[in-house]
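To start, the structure itself, in structure tokens.
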Amino acid sequence: NSNIKAFRLELYTYKMGRTDTPRKSFWISRKGLLQKADFLDKTKPRLSSLGINSSVKNVSGRILHIPQVDFKCKISKENLNYLIKTLRGLGQDKGFVVQTQRSYHFYGQKLLDDRNWLIFMGRLLGLNDYRSKHLKKVTDQRWIGANLLRGFGNLRISSSYNKKSVPRIVYIFN
């Protein structure tokens, strides 16, 4: 999204179920992120992860949010197609889906203000329907809850001590 001037990155050590883990946060320009992503991954502390925060600064300096989703479903072509259809149903037809070690993440290009980010997070919770024939659990509810408590989202973009692979793009919305 060319409207993004700077990204906020987070350096953290993930501890399951904890929302109060210490985090180092820093802003990096759009160009800097594109040029230094690999370097940042290789030079971070061994037990840490590098995540991209949902908070971004647009070209006029306003803080907005990247729509992000941490999905909780198995990797399969059928599930990926379902997620794409679901994202479109949420009005998210610009962005990309990455495959992680166990599931998928989404990064949208339509930036959201604080109110619309909260609405988006709420709509993500509504995707988990235990009566569903296809996927009963679509999103990671703990991830959504942690984001709501912190006031921002965060998704890993690096390898980490227990997740050796870097998320890779598997679908780009046109």
- Note on the structure: Reported set for the range 22-42 where residues are in a helix (DSSP H, G or I), of a type in the set (Gly, Ala, Ser) and at pLDDT 75 or above is GLY32
- Counted residues, the range 98-122 - those being over 19 Å from ASN79 (Cβ atoms) and over 12 Å from the mean Cα position of the chain (by Cα): 12
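Yes/no matrix, rows are residues, columns are (1) at positive phi; (2) part of a helix (DSSP H, G or I); (3) surrounded by 21 or more Cβ atoms within 10 Å (Cβ to Cβ); (4) in contact with a Gly (Cβ under 9 Å, 6 or more places away or on another chain):
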{"residue": "VAL56", "(1), (2), (3), (4)": "no, no, yes, no"}
{"residue": "VAL98", "(1), (2), (3), (4)": "no, no, no, no"}
{"residue": "ARG102", "(1), (2), (3), (4)": "no, no, no, no"}
{"residue": "TYR107", "(1), (2), (3), (4)": "no, no, yes, yes"}
{"residue": "LYS110", "(1), (2), (3), (4)": "no, no, no, yes"}
{"residue": "ILE119", "(1), (2), (3), (4)": "no, yes, no, no"}
{"residue": "LEU124", "(1), (2), (3), (4)": "no, yes, yes, no"}
{"residue": "ASN128", "(1), (2), (3), (4)": "no, no, no, no"}
{"residue": "ARG131", "(1), (2), (3), (4)": "no, no, no, no"}
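Every residue, every condition in (1) open to solvent by 10 Å² or more (accessible area, probe 1.4 Å); (2) among the hydrophobic types (A, V, I, L, M, F, W, C); (3) at positive phi, yes or no:
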residue	(1), (2), (3)
SER48	yes, no, no
GLY51	no, no, no
ASP70	yes, no, no
ILE75	yes, yes, no
TYR82	yes, no, no
LYS85	yes, no, no
GLY89	yes, no, no
GLY95	no, no, yes
- Is there any pair linking a residue in the range 101-127 that is closer than 22 Å to SER2 by Cβ and hydroxyl-bearing (Ser, Thr, Tyr) to one that is open to solvent by 20 Å² or more (accessible area, probe 1.4 Å) and assigned to a strand (DSSP E or B), with Cβ under 6 Å and at least six apart or on different chains, and which? TYR107/PHE96
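One line per residue, one yes/no per condition, for (1) modelled with pLDDT of 75 or more; (2) surrounded by 15 or more Cβ atoms within 10 Å (Cβ to Cβ); (3) closer than 27 Å to ASP93 by Cβ:
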{"site": "LEU9", "(1), (2), (3)": "yes, yes, yes"}
{"site": "MET16", "(1), (2), (3)": "no, no, no"}
{"site": "ASP20", "(1), (2), (3)": "no, no, no"}
{"site": "LYS44", "(1), (2), (3)": "no, yes, no"}
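The values are calculated or read from the model by the stated rules, or taken from the named source; none is laboratory data. The model shown is predicted, which means the values in this text are computed figures rather than measured ones. Ideal geometry is used to build each Cβ from the backbone, glycine not excepted, and the neighbour counts take in all protein chains shown. For the accessible areas, the whole protein counts, side chains as well, though only heavy atoms, and no ligand, DNA or RNA atoms are used. Shrake-Rupley method; radii C 1.70, N 1.55, O 1.52, S 1.80 Å.
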